[in-house]
Amino acid sequence: LVRYIESNLERIIEKQEDRLGIQHFGVPKVLFKQPLWLKTLSQGMAAGLYSSEEDEIYFPSVSTIDDVHKVKELLDHELGHFYTDKLNESFGRGNWPKYSDKQTSDDEIGTRLISEGIAEYFRKTMNNGQDDFKDSDWPEKTEDFYRTDVIYQGGYHLVKPILDKYGKNGIEYLITNSPLVEDLGNLPAYRTRVLQSLSSQPKNNNSPDN
C-alpha cells in the first residue's frame, strides 16, 4: 500500500483537479510514520493525518489497512486538508486551520466542522459518497458537536451545497467565515447566509459540475 500511494499520488491529485475544478498547490510530502506531535493531541492514533505546519500527510498505520480503496479514500481526504491549507497560504494568511492552543474549545467547533467537512467533500466527491446527515441530526447541546459523526458527516453536510455550487470560491469563503459558537444553534441558517453572500459575488468558472 505504501507503493500504491507513492505510485499514484500525482495521478490522484490530477483527478481531483479535474473533478473538483481546482488547481492543487504542488504535491505534499507523504510519510508513513506517526508524527512526533501526535502524542500532544487528543485524537489518538488516526489512519491519516495532515500537518499544516509542515505541509505533510502522515499515514502512521497504513500497514494495518488491507484495502487499496480505503487507502485511496484516506488520501483523498488528507489532500482536501492540504489544498485548503495551501489555498489559505496563497492569500498570505498562513496555515489553516490554526488553533489558539492544543486543546479543543467551543470557539473552534465551527472551524473543525469546516475543516473536516471540506476534506470529506474531497473524499466523498472523488468516491461517489453520499450525504447521510440531515439538518435534524444537528445536536442541541454544544458538547455533542465534538462527536466524530457530527464533525465529519455533519461538516460534509454543511459545506456540500456550497462547494457543489461555488467550488474554490466556496472554500475560500468558508475558511475565512467559519461558523461561530452562536451559529451552532442554527447551522442551516448559517449555510443560507453563506450561499446568499456568494451569490452576490462574481461567478467562478471553475466551480465543479457534480
Quiz item: Considering only THR84, GLY154, SER7, whose Cα is most displaced toward the positive end of the charge dipole of the chain, charges sitting on Cβ of Lys, Arg (+1) and Asp, Glu (-1)?
Solution: SER7
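Before I look further, what does the chain give for accessible area per residue, probe 1.4 Å, in whole square angstrom?
52 Å²
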Practice problem: Could you look at the chain and say what percent of its accessible area is carbon and sulfur, using a 1.4 Å probe and all protein chains? | Solution: 45 percent
Quiz item: Packing-wise, with mean Cβ within 10 Å as the measure, how do 68-80, 25-37, 121-133 rank, highest first?
Solution: 68-80, 121-133, 25-37
Quiz prompt | region 1-134, relative contact order in percent, only Cα pairs under 8 angstrom and at least six apart counted | solution = 24 percent
Exercise. Give me the distance in nm between label points sitting 7 Å out from Cα along the Cα-to-Cβ direction at PHE32 and ARG147, one decimal.
Key: 3.6 nm
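So which of LYS15/LYS141; LYS98/LYS160; LYS86/LYS124; LYS29/LYS98 end up more than 28 Å apart by C-alpha?
LYS15/LYS141
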Exercise. For VAL181, put the label point 7 Å out on the Cα→Cβ axis and report which residues of region 118-156 keep their amide N under 15 Å from it.
Key: 141-146
Quiz item: How long are the semi-axes of the ellipsoid equivalent to region 84-155, from square roots of 5 times the Cα gyration tensor eigenvalues, in whole Å, largest first?
Solution: 22, 19, 8
Practice problem: Using label points projected 7 Å from each Cα along Cα→Cβ, tell me how many nm separate ASP131 and ASP164, to one decimal. | Solution: 0.5 nm
Quiz item: For percent of Cα pairs over 20 Å apart, which listed value, (1) 66; (2) 62; (3) 56, comes from the coordinates shown?
Solution: (3)
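The values are calculated or read from the model by the stated rules, or taken from the named source; none is laboratory data. The structure presented is a predicted model; accordingly, all values stated were derived computationally and were not measured. Reconstructed Cβ throughout: ideal geometry from the backbone, glycine too, with neighbour counts over all protein chains shown. Heads up: the accessible areas ignore ligands, DNA and RNA and are worked out on the full protein's heavy atoms, side chains in. Shrake-Rupley method; radii C 1.70, N 1.55, O 1.52, S 1.80 Å.
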